[in-house]
Amino acid sequence: MRKTIFFAAAASLMMAGAAGAQQQPAPQPSPAPAAPAPAAPKAQTPTIESVNIVDITELPKDTQTQVNQIVAQRGDAGLQTLRKSIDATPKVKSALEAKGISSAQVIAASLQPNGALTLITKKAS
């Protein structure tokens, strides 16, 4: 069950990134409002409180297939961006190094609102 939750979280993060990359339609001009609208509160990215590292082989076969499909859709550019972000974050990089893993083995990541970061890794084949 826990492994399925990890995958679901990773998949939602990857899909959120893909959705954010899509172009937004240009807004239609509208008459100027009588009073300025209050500023919308900005969504705050949670800080990383804990790092969980899961190898893809620990996931159920169906989940492994889904992760691999999502990784293939994201492509090498998305994977390189993820790995650069990991290398630029000392807390995450040191958690990987403590397990003898580098960012080159990370294929997916998910950050929960409570600050729990889950990294899915794959050993080089």
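Within the stretch 67-101, the set of residues being modelled with pLDDT under 90 and under 18 Å from residue 52 (Cα atoms) comprises 67 only. Does residue 104 fit the bill of being small (Gly, Ala, Ser), in a strand (DSSP E or B) and farther than 15 Å from residue 48 by Cβ? Answer is no for this residue. Considering only the stretch 71-84, state which residues are under 10 Å from residue 106 (Cβ atoms) and not charged (D, E, K, R). Across the stretch 71-84, the qualifying residues are 79, 82. Filter the stretch 78-94 for residues that are part of a helix (DSSP H, G or I) and not β-branched (Val, Ile, Thr) and give the result. Those that are part of a helix (DSSP H, G or I) and not β-branched (Val, Ile, Thr): 78, 79, 80, 82, 83, 84, 85, 87, 90, 91, 93, 94.
The values are calculated or read from the model by the stated rules, or taken from the named source; none is laboratory data. Predicted model only: the values in this text are computed from it and were never measured. Cβ: placed from backbone, ideal geometry, glycine included. Neighbour counts: every protein chain shown.
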